[in-house]
Amino acid sequence: MPAEWERHDATWIGWPTHEPDWPGKFAPIPWVYAEIVRALAPFERVEILCQDDAVCEDARAALTMHGVHADHYRLHVQPTDRVWLRDSGPTGVQRADGSVALVHWGFDAWSKYDNYALDVYVPEAVSRVTSLPRVEAMCHDNGQRLILEGGGIETDGLGTMLVTEEWLLSDVQVRNPGFTRADYERAFHTYLGITHTVWLGEGCVGDDTHGHVDDIARFVSPGVVVLAHEEDPADENHARSLDNLHRLQRARDARGEPIRVVTLPYPRAVIMDGTRLPASYANFYIANGVCIVPTFNDPNDRVALNSLAALLPEHRIVGIHAVDLVWGLGTLHCLSQQQPAAASAEVAS
């Protein structure tokens, strides 16, 4: 699995239609999506799954109003239950010859919701459009589909993986009953080429997925991880993030090198209807030459944007207003999925 900052052929998203994901606040969400496409389109093609022809027309109208040229995106009719393609979509990997294949994980709506019958077909749709082969990930012990989500895995592209124990090893929202730490590490090696896994503790407060790593810790270059860290001891995220900071400070990557940790602040707690939402700057998405970052009308927005600009000097850093978006319990990384470009055999080896 290549690192996110390596070359992409495209970014995949799904056009929002499921109003219950943003109860009472759905109206602005398509416009947020249009702004996301506007930010990405100058740098790479955006592939957009739409519920039906009418949604295609709605998406095209919104994108036109945002000044997005039609040559920079493609619309595909593919019904979905939700639009969190980071999790329902396939993970792109590079084979030994540099060609790209798609790892097709099982998806069960985070072992929490019942409505995912349409989402399970997203990997097949991506494969059909791209003509890229699918590799179905299976549990080695029982031959069942391996349940995983892309928001739970983070790699440096050199064999190191970040995951959380809360996501895979707790007894809440269990994806693969009976699977152990060693079983998961075996699967990461088999399907993603991972040789070393760093296990963090818990994800952030309010995370509906129960511990996805993409809200808390992200590689920005080999050996460098940004970690969402809450300094206020009274905040629920403090103990969690401090534990993860200590784990990373002791960790080494697949090369045996120590990991440099750069902390990002959290925004002040974003609470809607009495519910704390998983607002985190770590849910950014790195595309070709641009990094889009969720912002929350908070003084720490500038701190996070400046920190990422220093760490990603070859990328344009673009803030995307995400106060409404996070009401759906996810933001920019959760809704996007990269399609990596092929590598030369020399680079791949």
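Taken together, the values in this text are just the output of simple stated rules run on the coordinates, not laboratory data. Keep in mind that this is a model prediction, so the values were computed, not measured. Ideal geometry is used to build each Cβ from the backbone, glycine not excepted, and the neighbour counts take in all protein chains shown.
3J(HN,Hα) along the range 194-208, derived from phi through the Karplus expression 6.51 cos²θ - 1.76 cosθ + 1.60 where θ = phi - 60°, amounts to 7, 10, 8, 10, 9, 9, 8, x, 10, x, 8, 5, x, 6, 5 Hz, with x in place of Gly and Pro.
All other residues whose Cβ lies under 10 angstrom from that of L85 are scored, Lys and Arg at +1 and Asp and Glu at -1, for a net of -1. Rounded to the nearest Hz, the phi-derived 3J(HN,Hα) couplings of the range 217-230 under the Karplus curve 6.51 cos²θ - 1.76 cosθ + 1.60 (θ = phi - 60°) are 9, 9, 6, 10, 6, x, x, 10, 10, 9, 10, 5, 10, 9, where x marks glycine and proline. Here the Karplus relation 6.51 cos²θ - 1.76 cosθ + 1.60, evaluated at θ = phi - 60°, turns the backbone of the range 292-306 into coupling constants of 9, 10, x, 10, 9, 6, 10, x, 6, 3, 5, 4, 5, 4, 5 Hz, with x for every Gly and Pro. Remark on the chain: ratio of C-alpha radius of gyration to 2.2 N^0.38 Å is 0.92. Please report the spacing between the Cα centers of the range 202-241 and the range 49-109 in Å, no decimals. Between the Cα centres of the range 202-241 and the range 49-109 lies a distance of 27 Å.
Computed about its Cα centre, the charge dipole of the chain is approximately 720 debye, with only Lys, Arg, Asp and Glu carrying charge at their Cβ. Computed over the alpha-carbon atoms, the range 261-349 gives an Rg to Rh ratio of 1.06, Rh here being the Kirkwood radius from the mean inverse distance.
Of all DSSP beta bridges confined to the range 8-344, the antiparallel ones make up roughly 40%. Which shape class applies to the range 13-153: rounded if a/c is under 1.5, otherwise prolate when a/b exceeds b/c and oblate if not, where a ≥ b ≥ c are the square roots of the Cα gyration tensor eigenvalues? The shape class here is oblate.
In the chain, a dipole from Cβ-located charges (positive for Lys and Arg, negative for Asp and Glu) runs towards its positive end, and of V32, L242, A341 it is A341 whose Cα lies farthest in that direction.
Expressed in Å, the radius of gyration and Dmax of the Cα atoms of the range 130-196 are 12.3, 38.
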